[in-house]
Amino acid sequence: MTTYDNSPSWLRYRQLLLDAFHLPIRHVPIERWKTVRGHELHVDEWRPDGRAKGTLILVHGAGGHGRILAPLADWAAGFGWLALAPDLPGYGLTRPNADFRWDYGEWPAVLAALADECEGPVVLMGLSVGGMTAALAAQAARDVQGVIVTTLLDMCDPFTFARAARWRWLGEASLLGFRWMPSIVDRVRLPLRLAASMDRMSSHPAMAEYFENDPLLGGLRIPSRLFRTMHTLDVPRLEPRCPLLLVHPGADNWTPTAMSRPAFDRVLGDKRLRELSNGSHLPVELPARLELEQEMRDFLAAVERKDLARSQ
């Protein structure tokens, strides 16, 4: 059976984190497959030493998979939290339901179902498009205690959608195709490196090249239906019923902070925005990653205190 532990993709990523950013991964995840909504979901479990204080579910974007979020999972395990990093249907090592039609709406539904199975306090954390996915899943789940996002992109907005594409003209052409010939556009499969700016995931050339060309990342071919249904999803009010923290990379030249502001401003309820000192779309540069790690630590500690107060 294919796993990340025997995958050249993971071995190269872990080495790049160490060589390019001096960022070691100290914990070793357990790889599991869970049946969720008919999908054989690949889930990395990053377990803390001792009893977990809660569960952090990590949500990848439209250009990644769960193992890419290893630095965040490693930190969470160090804080005493169980971190779950699923590969969402169509990505990574997950085996989708035979009836999966590449509808983006299935992603938050899967995450909400996974969250509902967890015991103790649950927090969702999303990177890139995973930020909005996490927020939507929190609205659908029964009892999520918090949401952390690095971006909050409203892909229903034509400007945001076109800006997030590899080339703006491609994004605008896709929008026309979505409107006038959706059944034809849905069948078009493009490598992610052509659909999205995978080369801008990182400020480091070797890491950017990895994201652009790895077979599980930039080399993965995705039907355009996923992006059409992402754009046409009927998004309800952004009201996740729990605190939301936007920790936006300060040097993200793919989706700068201004692109997250419209959706963030529409969030009803407890919310806070922290812009990191620097940090690319994958914010593992210093000092951004230290700031992100501290923001995660403080947010999860606040959830722990609230959960303790509720149980007394």
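None of the figures in this text is laboratory data; all of them are computed from the coordinates on show. Because the structure is predicted, anything quoted here is derived from the model rather than measured. We place every Cβ from the backbone using ideal geometry, glycine too, and count neighbours over all the protein chains shown.
Tabulated data
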{"quantity": "Residue list for segment 187-208, restricted to those being free of Cβ contacts under 8 Å to residues at least 60 places away in the same chain and out of contact with any Gly (no Cβ under 9 Å at 6 or more places or on another chain)", "calculated": "187, 189, 190, 205, 208"}
{"quantity": "Matching residues, segment 14-27, being under 13 Å from residue 73 (Cβ atoms) and surrounded by 12 or more Cβ atoms within 10 Å (Cβ to Cβ)", "calculated": "14, 17, 23, 25, 27"}
{"quantity": "Filtered residues of segment 75-122 (kept if of a type outside the set (A, V, I, L, M, F, W, C), under 21 Å from residue 50 (Cβ atoms) and in a loop (DSSP other than H, G, I, E, B))", "calculated": "80, 119, 120, 121"}
{"quantity": "From 112, 137, residue being more than 24 Å from residue 218 (Cα to Cα), buried (at least 16 other Cβ atoms within 10 Å of the Cβ), free of Cβ contacts under 8 Å to residues at least 60 places away in the same chain and touching a helix residue (DSSP H, G or I) at 6+ places or on another chain (Cβ under 7 Å)", "calculated": "112"}
{"quantity": "Of residues in segment 263-312 being more than 20 Å from the chain's Cα centre (by Cα) and assigned to a loop (DSSP other than H, G, I, E, B), the one farthest from residue 79 (Cα to Cα)", "calculated": "268"}
{"quantity": "Unique match (being under 19 Å from residue 154 (Cβ atoms), assigned to a helix (DSSP H, G or I) and under 20 Å from the mean Cα position of the chain (by Cα)) among 211, 227", "calculated": "227"}
{"quantity": "Unmet criterion (only one of (1) of a type in the set (Gly, Ala, Ser); (2) surrounded by fewer than 24 Cβ atoms within 10 Å (Cβ to Cβ); (3) in contact with a Phe, Trp or Tyr (Cβ under 6 Å, 6 or more places away or on another chain)) for residue 78", "calculated": "(3)"}
{"quantity": "Residue count, segment 31-51 (criterion: touching a His at 6+ places or on another chain (Cβ under 9 Å) and part of a strand (DSSP E or B))", "calculated": "6"}
{"quantity": "Counted residues, segment 147-159 - those being crowded, with 24+ Cβ neighbours inside 10 Å and not in a loop (DSSP other than H, G, I, E, B)", "calculated": "3"}
{"quantity": "Segment 28-60, residues that are closer than 23 Å to residue 302 by Cβ and either in contact with a Lys or Arg (Cβ under 9 Å, 6 or more places away or on another chain) or in contact (Cβ under 8 Å) with a residue 60 or more places away in the chain (or both)", "calculated": "52, 53, 54, 55, 56, 57, 58, 59"}
